[in-house]
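Heads up, the thing below is written out as structure tokens.
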Amino acid sequence: MAVQMPFAGLLHRLLRISTCSQRLLCNRDILAKLHKCRREARTFSTGSVTWNQNEGDDPESSSLTSRQALLSRRRRSLSPLERISGLLPQDALSPEVMQLREQNQQDVQVPVTHCTPEESGLGESPKKDDSENHHAAVEPHTQETSATLPGESLLAFGEQLVAEYRRKGRVQFRKMFQLQAGTRLQSSWGTILHDDIAGQPAGRFLKTGRGVPILIRRASLEDYVLFMKRGPAIAYPKDACTMLMMMDVTEGDCVLESGSGSGAMSLFLSRAVGSKGSVVSVEIREDHHKRAVLNYKRWRTSWSLRRGEEWPDNVQFHKADLCTASPLLAGRGFHAVALDIISPHLVLPTVTPHLHPGAVCAVYLANITQVMDLLEGLRCSALPLLCEHIIEVSYRNWLVAPALQKDGGYCVRKAPILHEDQRDETSDETDEEETTSAEKHPAFGSIPYIARPHPEQMSHTAFLVKLRKYVE
């Protein structure tokens, strides 16, 4: 009996071990089946996304926006219906569940269509998105490059361009940049690859990765002067043009400039004198001299790419002090002199002997105290220079636009109604129809306009003094 008891206990333990091992094997089989069902469910859930990716090769779906195309490639989460039905065989599903599954799959497979900035609202208030695609898209009605007109050239690498975005009549973004291969135009409204800009005609709207239309155009000389890298302050275009009129600079003239600065006035003088004239620009500071030379070379390079011909190399830059630069001016005569320095009265004794009789010396001064020092220097030095006038050029920008209602529609001029009591019902219906048609297509002269000074105005820049040399 003592021997049978241990044998019975050992048999009981063997039975328990065998039972546990069977349970473990059963659980492993169940886990393997669950993993297999989950893989099938994932395959089912991503089938619709794969269909959309394959449909992207079709021309009809090529209008997917970059952001929507990126989102369509992401794996979406499984719905509760897909999680449950994916674990069950097809035969075990009821017709109602199969119908819901097909309906859910059709909703995912709806192709995404491209919308214009006006339809999507991106042209008015675009939102920032970190996952945007940086490729630009040309407007739908200008996808093909139009034939160039005589003398017109397409945008090429190396040119100076201006990108701007306007909203409600105001400039929200404006930037000058050099078109370079492999780079991109960065802005708060999205990015555009420079490779997408090259080969396009100037003055075309290109969309950023966020669908915002940006106008790309060539930089004029005024744009280049205002947006180029500066050392000191520049002579603004409004003042430079007035100085050119003061000096009466024409093609073939020889002009002396003192104070090259950032090279703004040098560029305006270079264009005024043409290929037959010359400009001698003197600057005392080394950093200002280098900046003026670099800006001048960059503009000449951009111009040659734009027009296919060289900008006249008619400006001679010198680093020297004009007060002691008599050897530099020896044997020279000038049709005009432009001074943009702090103390112009100190260089007038050196400059005046080389100025043609009856010619004009235009002086650019920022402060009225400098004007007083100039006049006092003329009085004390007794130079043959006559101060004809001292002016300040005002530049006032106006805002003129059609009057709009709060809903965005045009305001319409309404004539006073006479004998309102005598109008019958027929005339009322006719007037209502005419009013409705007038709101949709207002006639010429029927829309009132608002006209007021623009809130953003240019303040004071400089005083311009006109000195004319006379013969005693």
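Tabulated data for the structure shown
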{"quantity": "Whole-Å semi-axes of the stretch 272-403's equivalent ellipsoid (Cα gyration tensor)", "calculated": "29, 25, 15"}
{"quantity": "Point-to-point label distance, ASP407-SER459, nm (Cα→Cβ direction, 7 Å offset)", "calculated": "4.4"}
{"quantity": "Normalised alpha carbon radius of gyration of the stretch 219-309 [divisor 2.2 N^0.38 Å]", "calculated": "1.03"}
{"quantity": "Mean Cβ count within 10 Å, highest first, over the residues of peptides 208-214, 290-296", "calculated": "208-214, 290-296"}
{"quantity": "Ordering of 201-207, 388-394 by packing [mean C-beta count within 10 Å, highest first]", "calculated": "201-207, 388-394"}
{"quantity": "Residue-normalised accessible area of the stretch 288-419, given per residue in Å² at a 1.4 Å probe", "calculated": "59"}
{"quantity": "Distance between modelled label sites at ALA382 and ALA320, nm, 7 Å Cα→Cβ extension", "calculated": "2.9"}
{"quantity": "Surface accessible to a 1.4 Å probe, SER343 within the full protein complex, Å²", "calculated": "40"}
{"quantity": "Förster-model FRET efficiency, 41 Å R0, MET372 and VAL400, C-beta, rounded to 0.05", "calculated": "0.55"}
{"quantity": "Residue-count net charge about GLN316 - beta-carbon cut-off 12 Å; Lys, Arg +1, Asp, Glu -1", "calculated": "-1"}
{"quantity": "Neighbour net charge for LEU215 - beta-carbon separation under 10 angstrom, K R +1, D E -1", "calculated": "+3"}
{"quantity": "Net charge of neighbours whose Cβ lies under 9 Å from the Cβ of VAL360, counting Lys and Arg as +1 and Asp and Glu as -1", "calculated": "+1"}
{"quantity": "Accessible-area composition of the stretch 137-283, carbon plus sulfur, in percent [1.4 Å probe]", "calculated": "50"}
{"quantity": "The stretch 193-268 versus the stretch 281-315: alpha-carbon centroid distance in Å", "calculated": "12"}
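The values are calculated or read from the model by the stated rules, or taken from the named source; none is laboratory data. None of these values were measured; they are calculated from a predicted model. A quick note on method: Cβ atoms are made from the backbone with ideal geometry, for glycine too, and the neighbour counts reach across all protein chains shown. Accessible surface is based on the protein model in full, side chains and every heavy atom, while ligands, DNA and RNA are left aside. Shrake-Rupley method; radii C 1.70, N 1.55, O 1.52, S 1.80 Å.
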